Amino acid sequence: MSETTAPPVVDGGTPGPVTPKVSDGVGSSRRGIGYFASRYSMLGVLVVLIGVATILYPGFLNPANIGNILTQNSAVGLIAIGMTFVIISGGFDLSVGATYALGATLYAGLTLQTGSVVIAGIGALAAGVIVGALNGTIISRLSINPFVATLGTASIISGIAYIYSNSSPFIVNNNPAFQDLALTRIAGFPLPIWILLGAFLIAALLLAKTTFGRNIYAVGGNYEAAWLTGLRVKGLNSSVYVLTGLLAALAGMMDASRLGVGQADVGASMALDAIAIVVVGGTSLLGGEGAIWRSAVGLLILATLTNVFYSLNVSQNWQLIAKGVIVVAAVGVDAMVRVRKRG
């Protein structure tokens, strides 16, 4: 991945264009090995983990089990995609869990009230966009720290979901179309898997192959330099929160469809799970570095661990401890890599 340097100043004091500094890839073998190890280490971890999982749980690679793993993690996977954009841009979003719950609640509630899953879906997705726009406006226009801003909006969004549902679940058992989003199968696999794969593919192309994606890296790598080059940094910052809000609402809709119920008291761990996926995959919390494929690897690592833990009847308490250790270790590795780069 290219690095962005501060813009040079041309005659008259006007900042010139950002000059990308790309690794030539033909340095010493020592440097090449170090680069390869830092870039693809988690992919190696995933391969080893799958091998261990297959030994401990012989049915792990069964197509039905793989399908279950992907289906159960499709919602958090969608949220992790949005979180990848936010973190690369140098931001943070703790409101995704509340947005997920709001999307689930609105999708179920509006289906009951209108009888139309189309209207309900549009309403839920629109709510996600509004939440994202609110987060983006507060953070980019008012210059409020993303951690504090999204922590506050998470509380607001949760309150709205509870008020709308009157603190009761919306159980949809009289409209078969409500579960089509989760139960429809294409080529033998549930629709949520295809939505997740499509979202990963589109996001990867958007981030790696478009001007928008390159600008997101520039903003996260050096906000001031990006602003000096004329990038609309506030608009770019807002856009990643809108994208994340939309994906979080869609994730809530998918899980509500799968379970047949939408309620406001779900999604409490979604934000931390999504952040864990992104960090474990290798995207830096400091911004400016990362990739969608890394988040896909992070998702598969944590999903594989969870599946093996459940197959071996490991206590939920120990699972939480293991997840925490993995996240801390991943952040520690990221910090060490950055220190070595500066050295």
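The values are calculated or read from the model by the stated rules, or taken from the named source; none is laboratory data. Quantities reported herein were computed from a predicted structural model and do not represent experimental measurements. So basically every Cβ, Gly included, is an ideal-geometry build from the backbone, and we count neighbours across all protein chains shown. Heads up: the accessible areas ignore ligands, DNA and RNA and are worked out on the full protein's heavy atoms, side chains in. Shrake-Rupley method; radii C 1.70, N 1.55, O 1.52, S 1.80 Å.
Per-residue surface analysis assigns K323 an accessible area of about 70 Å², computed on protein heavy atoms at 1.4 Å probe radius. In a fully extended conformation the segment linking V129 and S41 would gain 28.2 nm over its present Cα-Cα distance, using 0.36 nm per residue. Accessible area per residue was computed with a 1.4 Å probe on protein heavy atoms; M336 scores about 120 Å².
Toward the positive end of the charge dipole of the chain, with +1 on the Cβ of Lys and Arg and -1 on the Cβ of Asp and Glu, the farthest Cα among G298, L197, N145 is that of G298. Highest mobility in the GNM of the chain, judged by mean-square fluctuation with C-alpha springs under 10 Å and restricted to Q72, Q319, Q263, is found for Q319. The HN-Hα couplings worked out from phi for the stretch 130-146 by the Karplus form 6.51 cos²θ - 1.76 cosθ + 1.60 (θ = phi - 60°) are 4, 4, x, 5, 5, 4, x, 5, 4, 6, 7, 8, 9, 6, 8, 3, x Hz, whole numbers, x standing for Gly and Pro. The length gained by stretching the chain between I122 and S155 to full extension, at 0.36 nm per residue less their Cα-Cα distance, is 9.6 nm. Look at the alpha carbon pairs under 8 Å that are at least 6 residues apart: their mean separation over the length of the stretch 230-343 gives a relative contact order of 21 percent.
Mean-square fluctuation check for the chain, GNM, Cα pairs under 10 Å: which of L201, L70, L191 is largest? Top of the fluctuation ranking is L201. The alpha carbon centroids of the stretch 280-299 and the stretch 156-202 are separated by 26 Å. Stretched out straight at 0.36 nm per residue, the stretch from L142 to L285 would grow longer than its current Cα-Cα span by 49.3 nm.
Rolling a 1.4 Å probe over the heavy atoms of the protein chains gives the stretch 161-215 an accessible area of 61 Å² per residue. The value of relative contact order for the chain, using C-alpha pairs under 8 Å at least six residues apart, is 30 percent.
Converting phi to 3J(HN,Hα) with the Karplus coefficients 6.51, -1.76 and 1.60 and the offset θ = phi - 60°, the stretch 213-225 yields x, 4, 5, 4, 4, 5, 5, x, x, 7, 4, 5, 5 Hz in sequence order, with x at every glycine or proline.
I need the phi-derived Karplus couplings for the stretch 44-56: 6.51 cos²θ - 1.76 cosθ + 1.60, θ = phi - 60°, integer Hz, Gly and Pro marked x. Result, rounded to whole Hz: x, 4, 4, 4, 5, 5, 5, x, 5, 4, 5, 6, 6. Is there a quick way to get the dipole size of the stretch 141-250? I mean about its Cα centre, with the Cβ of Lys and Arg at +1 and of Asp and Glu at -1; what is the value in debye to the nearest 20? Approximately 280 debye in magnitude.
Largest GNM mean-square fluctuation across T105, T211, T306, computed for the chain with C-alpha springs under 10 Å, falls on T211. The share of accessible area on the chain that comes from carbon and sulfur is 66 percent, using a 1.4 angstrom probe.
What the Cβ-Cβ distance of V331 and S167 gives, at R0 = 35 Å and to the nearest 0.05, is a FRET efficiency of 0.45.
From most to least packed by mean Cβ count within 10 Å, the peptides 88-97, 159-168 give 88-97, 159-168.
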